[in-house]
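**Student:** Supplied in structure tokens, the structure appears directly below.
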Amino acid sequence: MFNKNSNPFKNEDIVKDEENNKQDSTEEETEEQKSEENDSADDNKNDELEKLQEKYDALNQQYIRLAADFDNYRKRQAQERENLIKFGTENALKSLLEVLDNFERGQKALENVEDCEKVKESFNLVHKQVFDALTKLGLEEIKAVGEEFDPNFHEAVMQTPTSEQPEHTVINELQKGYKLGDKVLRPTLVNVATAE
């Protein structure tokens, strides 16, 4: 019944091996599918992450530009405000200089009038008030007579040869000069001593 050479378990082993091979190949296919699905999911996640990173970078750049623009705007506004105050005062002072000049001319004209003492007092009082108001705004008179000529503050319109004063000394003030802080609003018109 049994052949010597035949092994009854051999067929069963072959069948089992074939089943195992089928099962192994099915498992390998399933693992490959899962691996492909995982790779596909990873690719999708990577694409999504790249898109989100690009969005983040764009928004971050936009934020940085906006912050820089706002900082520039704030600085520009502060500078404009400072300039308005500074140059507003400067223009006010320049326009009042003519008034101050007229007061001083009138004051000189009234010096020899004796019967107008009250007019002189009133005039002097108003002149002092105007000058005090201008001084509070920052107006300063430029000293000239007896000072050495300084082209930054004085404008020489005359030169007089003299031995009484050192050379380049201001001997007479023809029109007062004024400054606001360090800025000269109007130089003093002066007569300067020269050597004889």
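Rule-based calculations on the coordinates, nothing more; no lab input. From a predicted model like this one, the values you see are computed outputs, not experimental measurements. Here the Cβ is made from the backbone with ideal geometry for all residues, glycine too, and neighbour counts use every protein chain on show.
**Student:** With +1 assigned to the C-beta of every Lys and Arg and -1 to the C-beta of every Asp and Glu, and no other charges, what is the dipole magnitude of segment 83-196 about the Cα centre in debye, to the nearest 20?
**Tutor:** 620
**Student:** Once both labels are modelled 7 Å past Cα along the beta-carbon direction, what's the N172-L137 spacing in nm?
**Tutor:** About 3.1 nm separates the two model spin labels.
**Student:** Still on this structure, please answer the following. Say the dipole of segment 140-196 comes from +1 at the beta carbon of Lys and Arg and -1 at that of Asp and Glu; which of V145, V170, V184 then lies farthest toward its positive end?
**Tutor:** Towards the positive end, the residue furthest out is V184.
**Student:** Next question, about the same structure. Quick check: the distance between the Cα centres of segment 61-94 and segment 122-196, to the nearest angstrom?
**Tutor:** Answer, in whole Å: 35.
**Student:** Oh, and also: Among DSSP bridges having both ends in segment 140-196, what percentage is antiparallel? Round to the nearest 5.
**Tutor:** Around 60 percent antiparallel, to the nearest 5.
**Student:** Enter the mean projected area of the convex hull around the alpha-carbon atoms of segment 140-196, in nm², rounded to one decimal.
**Tutor:** 3.3
**Student:** If a/c stays under 1.5 just call it rounded; otherwise compare a/b with b/c (prolate if a/b is bigger, oblate if not). Do that for segment 40-113, with a ≥ b ≥ c from the square roots of the Cα gyration tensor eigenvalues.
**Tutor:** It is prolate, given that a/c is not under 1.5 and a/b is the larger ratio.
**Student:** OK, next. How big is the dipole moment of segment 140-196 about its Cα centre under a simple scheme where the beta carbon of each Lys and Arg is +1, that of each Asp and Glu is -1, and everything else is neutral? Debye, nearest 20, please.
**Tutor:** Result for segment 140-196 is approximately 300 debye, rounded to the nearest 20.
**Student:** Considering the Cα trace of segment 60-196, what is its radius of gyration and what is Dmax, both in angstroms?
**Tutor:** Answer for segment 60-196, Rg first and Dmax second: 22.5, 82 Å.
**Student:** Provide the gained length on full extension for the span K183 to L110, in nm with one decimal, where the gain is 0.36 nm per separating residue minus the Cα-Cα distance.
**Tutor:** 23.0 nm
**Student:** Around Q53, with a cut-off of 14 angstrom between Cβ atoms, what is the net charge of the other residues, counting Lys and Arg +1 and Asp and Glu -1?
**Tutor:** Counting the neighbours of Q53, the net charge comes to -2.
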